[in-house]
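Here is the structure we will look at, set down as structure tokens.
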Amino acid sequence: MADDKDELKTEVEEDEDVEVNYKPPPEKSLKEIVETDLGDESLRKYKEALLGEATKETIILEPDNPNRVLVKKLALVVEGRPDLILDLSGDTSNLQNQTFIIKEGIQYKIRIEFLIQREIVTGLKYIQKILRHGIQVEKITQMVGSYAPKPDIQSFMTQQEEMPSGMLARGKYTVKSLFTDDDKNEHLKWEWTFELKKDWD
């Protein structure tokens, strides 16, 4: 299991080098951003509109948690059905013991809900690696964006994807999910399992 997680991390690093020759800008604290160009009134108003309450005070939502990104929930969104929810706010190792039933051939999106505290986070990215019988069958990388701290839940919805269909596609799949950023910080890594069936159970 640990080897698989290391493998996912290595692949993320390799993909980043191959996909984009991009170097993130040097990290600046929220205080530095707010205090830069204080004499420019229009820029000050723009920052306030962009950063909201974070320009006035440091936003700390979970004092005992040093992380800036607090991933709370992942939802599989299918039109006409209740969302399939993965609670990520506690011990995510429990998710490996559950199997979610999903109908073959559906159109779906993934919604990720999270909180940002302490400092701005740049280049958030969601990576999902799907395996069957230990062999990778699909990998999705979604750029989530950059977010300022705020007291409210923030969310991101992926583009629409389609589940495979047919007798050969049915069965159990393991999903390795990773929420990371430009600086390769791993904000949350978890595994979950779903079974593709002919219909919802």
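Nothing in this text is a laboratory measurement; each read-out follows from the coordinates by a stated rule. Computed from a prediction, not measured in an experiment: that's the story for all the values here. FYI the Cβ positions are ideal-geometry reconstructions off the backbone, even for glycines, and counts take in every protein chain you see.
Data overview
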item	result
Long-range HN-HN contacts of residue 58 with modeled amide H, under 5 Å	none
Radius of gyration, Dmax [the range 100-201; alpha carbons; angstrom]	15.5, 49
Karplus-derived 3J(HN,Hα), 6.51/-1.76/1.60, for each residue of the range 75-86, Hz, glycine and proline x	10, 8, 9, 10, 4, x, 10, x, 4, 8, 9, 10
Using a Förster distance of 35 Å, the FRET efficiency for residue 150-residue 99 (Cβ separation, nearest 0.05)	0.50
Solution diffusion estimate, µm²/s, Stokes-Einstein, the range 100-159, Kirkwood Rh from C-alpha pairs, 37 °C, viscosity 0.692 mPa s	239 µm²/s
Extension gain (nm, one decimal) between residue 79 and residue 158, 0.36 nm per residue minus Cα-Cα	27.0 nm
Alpha-carbon Debye profile of the range 54-167, log10 I(q)/I(0) at 0.12, 0.16, 0.20 Å⁻¹	-0.53, -0.88, -1.23
Flagged links, alpha-carbon separation over 26 Å, of 125/198; 72/129; 139/184	125/198
FRET efficiency, residue 122 to residue 165 (Cβ-Cβ, R0 45 Å, nearest 0.05)	0.75
Placed amide H near residue 120: partners under 5 Å, 5+ positions off or other chain	30
Pairs of Cα atoms farther than 14 Å apart, the range 88-134, %	75 percent
Neighbour cut-off at most 14 other Cβ (10 Å), DSSP loop, trypsin sites (Lys or Arg not before Pro), the range 93-178	170
